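Every number here is computed from the coordinates shown, using simple stated rules; none is lab data. A quick note: this is a predicted structure, and the numbers were derived from the prediction, not measured. Positions of Cβ are backbone-derived with ideal geometry, glycine not excepted, and every protein chain shown enters the neighbour counts.
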Amino acid sequence: MPTVGFSTDPSSTPWLESESDAARHNVTFERIARSGLALRDSAALIERIRKEL
């Protein structure tokens, strides 16, 4: 399967076609995913903010 990624970062090219670019993108994505809230906590935060508006 070919290694291809897509990025909306305005400072770089949108398509990642090389394995090293895709690997770097995957590392970044995984780091961001690990730092996010759990699904239940995220939903609770959104609900709390929604009630404050």
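Side notes on the structure shown:
- Residues of the stretch 19-47 with amide N under 11 Å of a point placed 7 Å along Cα→Cβ from L53: 46-47
- Residues whose placed amide H lies under 5 Å from that of L16, excluding near-sequence neighbours: G5, F6, S7
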